[in-house]
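Shown next, in structure tokens, is the structure this report addresses.
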Amino acid sequence: PPSFYTEGNLINLMKTCGKAVEDDGLSSILSETKGIGTEATRDGIIEKIKKAKYIEIKKKQVHVTNKGRVICEAIDGTLLGSPEMTGKWEQYLRKIGDGSGSQANFLANIEKFLRSELDKAPGRVKEKASIAKLLHAQQTALVIGTCPACKKGNIVDKNTFYACDRYKDGCKMSLPKTFLKKKISKKQIKTLLAG
């Protein structure tokens, strides 16, 4: 199998994404603009992706999480998943720069595109069994144990605390991730829930 990427490899891929574009015009625009993001923003983009837990770094290697796989599957085959879209946006930004395009038109088209993609998303999820499997795996991975309060729900990781997944049904059970300035691990919470 191919070796894992590092964060440095990701930055290089962002710089050279124009090489993967078949349209020569868009490829040259991406080459001139030096790909996705700028030197100043690429690190920030990767940090946002890590913070959203789409990827995680283990021993300097980038690993895609189940949450990241869901996103990849959901946008696979769409313009959102292609560097061509970045090229088209850069192309129109140039038109705005030279006065032949309007910012209002650009933003209206992006809004129209995003609304269209959001409308299609539920259908894509239903069409792809792989997404349903990934979603189930991700939800299962978040489960830490059975809720001791309602006995029907599961205690799950909510990023900043642990709580029952039946909150909407009225269960208010939650546990902090930090207690008396000490972090509480998932393992400790599992032990606590087990009695």
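The values are calculated or read from the model by the stated rules, or taken from the named source; none is laboratory data. All figures in this text were calculated on a predicted structure; none of them were measured in a lab. In this analysis, Cβ positions are derived from the backbone assuming ideal geometry, glycine residues included, and neighbour counts consider all displayed protein chains. Note: accessible area is taken over every heavy atom of the protein model, side chains too, but ligands, DNA and RNA are not part of it. Shrake-Rupley method; radii C 1.70, N 1.55, O 1.52, S 1.80 Å.
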Out-of-range pairs (alpha-carbon distance over 21 Å; input Lys53/Lys186; Lys58/Lys128; Lys50/Lys182; Lys50/Lys120; Lys51/Lys151; Lys53/Lys183):
Lys58/Lys128; Lys50/Lys182; Lys50/Lys120; Lys51/Lys151
Quick one: Cα centre-to-centre distance for the range 30-93 and the range 137-187, in angstrom?
30
Answer label for mean projected area of the Cα convex hull in nm² (calculated), chosen among [x] 13.6; [y] 19.6; [z] 15.8
[z]
Rounded to the nearest 500, what is the 222 nm mean residue ellipticity of the chain from helices alone, with -39500 (n - 2.57) per DSSP H run of 4+ residues and division by all residues?
-16500 deg cm²/dmol
For the full complex of protein chains and a 1.4 angstrom probe, list Arg42, Arg94 by accessible area with the highest value first.
Arg94, Arg42
Sort Ser31, Ser102, Ser82 by accessible area with a 1.4 Å probe, largest first.
Ser31, Ser102, Ser82
Accessible-area composition of the range 39-154, carbon plus sulfur, in percent [1.4 Å probe]:
57
Just flag the GluC sites (Glu not before Pro) in the range 35-93 sitting in loop per DSSP whose Cβ has no more than 15 other Cβ atoms within 10 Å.
Glu39
Counting only heavy atoms of the protein chains, get the accessible area per residue of the chain (1.4 Å probe) and round it to a whole Å² value.
70
Give the lysines whose C-alpha is closer than 21 Å to that of Lys95, dropping any in the same chain fewer than 8 places away, or say none.
Lys34, Lys112
Any trypsin sites (Lys or Arg not before Pro) in the range 154-187 that lie in a DSSP loop and have at most 11 other Cβ atoms within 10 Å would be Lys172, Lys181
Label-point separation in nm, Leu180 to Met85, each point 7 Å along Cα→Cβ
4.9
Glu32 to Asp98: extension gain in nm, 0.36 nm per residue of separation minus the Cα-Cα distance?
22.1 nm
Please give the length that would be gained between Tyr167 and Asn105 if that part of the chain were fully extended, namely 0.36 nm times their separation in residues minus their C-alpha to C-alpha distance (nm, one decimal).
18.1 nm
Working from Cα positions, state the angle (0 to 90°, nearest 10) between the long axis of helix 129-142 and the longest principal axis of the chain.
50
Partnerless cysteines, meaning none of the other Cys C-beta atoms lie under 4.7 Å away, in the chain
Cys17, Cys72
